[in-house]
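Notes for the one structure printed next.
The values are calculated or read from the model by the stated rules, or taken from the named source; none is laboratory data. Computed from a prediction, not measured in an experiment: that's the story for all the values here. All Cβ positions, even for glycine, are placed from backbone atoms using ideal geometry, and neighbour counts span all protein chains on display.
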Amino acid sequence: MTSEILRKIRRYLGAGRNNSKETRHTALQEKTIIDDFHHLYYNGLEGQGHIFARTYWMKVPCLKCPLDMWIYQEIIAEIQPDLIIETGTKFGGSTLFMAHMLDIVGKGELISIDIEELPRPVHSRIKYVTGSSSDNDLIGSLLINRPNEVRLIVLDSDHSKSHVLNELAALTPYVSLGGYIIVEDTNVNGHPTFPSHGEGPYEAVEEFLKTNPNFVIDDSREKFLMTFNPRGYLKCIG
């Protein structure tokens, strides 16, 4: 499959776009290339397993696409959040990555919430919290008395549609104007990968946006063509 994808890239990315029909055809071909690579990257080469499960930050498993991690770096540098809230800590690789990005910008702290207690990296900016990220009482106890500040929220816990909707309901009131809530793994359930997953983050975002006009999809964050979070970069505009 890898060689076929490369042939498609060589053949089509330089194709001329002389009229709208050719433009649409080329756009479809490009999407096919991107989706084919997405499947390959997500599932890994035959016999090797998921690549994201073999991705590390400072020797700690991340379970992320590096293209998205680069985008997180850009967002952190741009908005310089006072607080990052992460749900779904797992091993803490992405937690540590974002803490290191806060070190670089010279400010901010990070709260990471998970239902499991596991050995995780220690960092002065990180506070680990055990509990459900959809628990309104827990979220309120963590955030209700905090000052007016810039916040970035990253959702990466239970990927069922119902849970993500509950997380969005609990956490979006705490997103600052110009801040972001990133809904991860909207790529599952056939968007374009893991079609057997069932309704999940992507469908939750679609439903959430119908009644929450203060948030918009920032598709500029998908500029690297492949993302595990398609339509998942939500920016607060009001």
Residue, surrounded by the most Cβ atoms within 10 Å (Cβ to Cβ), within the stretch 119-138, restricted to residues that are of a type in the set (Ser, Thr, Tyr) and within 22 Å of Ile79 (Cβ to Cβ): Ser133
Pairs where the first residue, in the stretch 208-220, is in the same structural domain as Leu165 (by TED's automatic domain parsing) and the second is modelled with pLDDT under 95 and not charged (D, E, K, R), C-beta under 8 Å, 6+ apart: Pro213/Gly238; Asn214/Gly238
Verdict on Gly92 being assigned by TED's automatic domain parsing to the domain that holds Asp219, at positive phi and free of Cβ contacts under 8 Å to residues at least 40 places away in the same chain: yes
Qualifying positions in the stretch 37-90 - assigned to a loop (DSSP other than H, G, I, E, B) and surrounded by fewer than 18 Cβ atoms within 10 Å (Cβ to Cβ): Gly44, Leu45, Glu46, Gly47, Gln48, Gly49, His50, Ile51, Thr55, Met58, Lys59, Gln80
Top-ranked residue in the stretch 139-174 [being basic (Lys, Arg) and not in a helix (DSSP H, G or I); ranked as surrounded by the most Cβ atoms within 10 Å (Cβ to Cβ)]: Arg151
For Gln73: the one exception among (1) over 20 Å from Leu142 (Cα atoms); (2) over 14 Å from the mean Cα position of the chain (by Cα): (2)
Filter pass, Leu177 being in a loop (DSSP other than H, G, I, E, B), closer than 17 Å to Leu234 by Cβ, aliphatic (A, V, I, L, M) and touching a residue at least 24 places away in the same chain (Cβ under 8 Å): yes
